[in-house]
Amino acid sequence: MTTVLKFGGTSLATPDALERVARIVRGGRAPVVVVSAKAGTTNALIAASRTAATGDVVTAETAMTRLAASHDELLRKVARKDGDAAAALEELAQRTKALVRSVAILHECSPRSQDAIASYGELASAEVVAATLRAHGIDALAVPATGIVVTDDAFGNAAPVFEETYVRARAVLLPLVTRGRVPVVTGFIGATRDGVTTTLGRGASDYTAAILAAGLRADECLIYTDVSGVMSADPRIVAEARPLARLSYAEAAELSHFGAKVLHPRAVLPAIEAGIPVRILNTFAPDDAGTTITGQTASDGSIVKATTSLGGLGLLTVAGAEMSGIPGFAAKVFDTTAAEEVSVLMISQASSENSICIVVPADTAERLKAALERMLAKELAYHDVERVTVERPIAVVAAVGEGMRGTPGVAARVFGALGREGVNVIAIAQGSSERNISFCVGEADQVRAVRAIHQEFAREPATVRAG
Ligand code: ADP
Ligand code: ASP
Ligand code: MG
């Protein structure tokens with residue numbers, strides 16, 4: 001039986017962090033390691049590819065040279081004598097620079113080209129991590145996930161083809177593990193059946209880890225990051241936020257959907273299906289208990305376990321007194337949303353049906369508004385629909401916890417706390433699972449809203465205990 005250990009970007013960015021990674025891997029049982037790009041690399045690669053698309057080859061190549069140098073320097077510090085890794089890094093850098101140059105010549109960066117460029121981050125980091133492990137006497141080798149994770153061709157947000165991926169994961173990785181070797185697999189990236197590199201979406205190295213854990217039927221999937229687990233709120237927003245000892249898969253999915261950056265939204269799914277526990281642990285405090293995510297968790301007496309938020313959103317409202325008389329009206333609205341390929345984060349409709357509110361990424365809101373106005377041209381002309389409006393920037397805040405189900409008065413406490421803080425709530429939605437209450441506020445109120453709710457439920461005696 002194997003254990004999948006995934007290390008995020010901040011766990012890989014310095015020699016000290018890499019030393020810690022080596023110590024953790026040494027203690028692992030038949031480990032398969034999954035790595036992200038080192039912190040900041042993916043952002044820099046995407047920025048470089050966009051700069052290249054403007055034709056500014058000098059700036060883009062300089063950025064690439066800088067990234068390559070930072071990886072070379074890190075490698076020199078952790079594994080000075082590893083000629084193989086140095087050569088691999090050099091080849092990766094040359095290949096990526098050539099890609100950047102072609103983008104600059106074409107003045108165009110297609111999602112396909114961008115994925116090829118972005119893959120440098122994980123590929124380079126796998127080389128550095130494998131070399132670090134070898135320097136610590138561990139028989140490690142870098143394994144590009146392009147030979148394992150098979151995906152569709154939705155570049156930038158590709159979906160894995162699970163069964164094929166599972167077969168390949170076993171075929172490629174198990175023989176290595178059986179021989180006592182430690183594969184260091186790139187997170188985030190995959191390839192189409194034709195072998196074209198894809199990426200699985202931002203933050204998706206967690207997803208890669210869960211996919212491999214499922215494919216290998218691993219005992220555990222350990223996600224090492226820079227905090228001691230999933231916390232009751234984003235620690236950058238709420239200083240008193242505390243790690244949650246246990247979360248159900250459903251709670252984790254709600255939290256990640258609504259902005260808890262600590263976990264990729266889809267990451268939990270493959271593990272749910274395979275019944276493999278996922279633990280979120282801290283590379284810099286590996287003895288902390290962290291958070292264990294399992295299919296079901298026993299109630300710990302808490303009501304709202306965690307409060308999350310997501311900014312940078314827009315609220316579209318379609319309003320009009322006569323909308324209720326139009327059959328299939330909501331379906332038409334959502335068909336348009338789907339045709340525009342806009343992802344919807346939250347929906348709310350009043351029972352009078354006088355308005356439908358949809359929350360979407362802010363940068364897609366005006367485009368969707370125009371499309372809805374085109375689709376509703378007749379209804380607008382006859383005043384069956386009065387208007388389509390956009391409010392932005394807004395944030396969605398969500399209070400999440402299994403304990404909310406069937407507990408009366410939770411909503412009253414949530415909105416009471418907001419009222420006392422003077423936070424204006426623009427729209428509200430509650431999932432029928434009763435596991436979350438989510439609502440929109442102006443982005444300027446996001447932080448105050450999260451703090452108010454966290455404070456309200458933090459007094460609950462059994463909220464959470466680390467450990
Ligand atoms: P990694 O690079 O290891 O994948 P991320 O930066 O993607 O790490 O995620 C970890 C970060 O998520 C933490 O440093 C923290 O700032 C942020 N975060 C946001 N919400 C939460 C939360 N509820 N619990 C823990 N961390 C959170
Ligand atoms: N490096 C990728 C990103 O920054 C994937 C990850 O870190 O999980 O989005
Ligand atoms: Mg992450």
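The table for this structure:
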| read-out | value |
| --- | --- |
| Tally, over region 1-29, of residues that are within 17 Å of L176 (Cα to Cα), crowded, with 17+ Cβ neighbours inside 10 Å, more than 16 Å from ligand 1 (Cβ to nearest atom) and not hydroxyl-bearing (S, T, Y) | 1 |
| Residue that is within 16 Å of ligand 1 (Cβ to nearest atom), assigned to a helix (DSSP H, G or I) and either crowded, with 24+ Cβ neighbours inside 10 Å or touching a residue at least 24 places away in the same chain (Cβ under 8 Å) (or both), where the choices are A124, A130 | A124 |
| Residue count for region 239-260, restricted to those that are part of a strand (DSSP E or B) and among the basic types (K, R) | 1 |
| Per-region count, region 318-369, residues in contact (Cβ under 8 Å) with a residue 60 or more places away in the chain and touching a Ser or Thr at 6+ places or on another chain (Cβ under 7 Å) | 4 |
| Matching residues in region 265-283 - criterion: being in contact with a helix residue (DSSP H, G or I) (Cβ under 6 Å, 6 or more places away or on another chain) and either over 22 Å from N436 (Cα atoms) or surrounded by 23 or more Cβ atoms within 10 Å (Cβ to Cβ) (or both) | A267, V268, P270, A271, A274, I276, V278, T283 |
| Scan of region 326-342 for residues that are under 21 Å from A427 (Cα atoms) and exposed (fewer than 11 other Cβ atoms within 10 Å of the Cβ), ordered by number | A331 |
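Throughout, read-outs are computed from the coordinates displayed, never taken from laboratory work. Here the structure is a predicted model, which means the values were calculated and not measured. Reconstructed Cβ throughout: ideal geometry from the backbone, glycine too, with neighbour counts over all protein chains shown.
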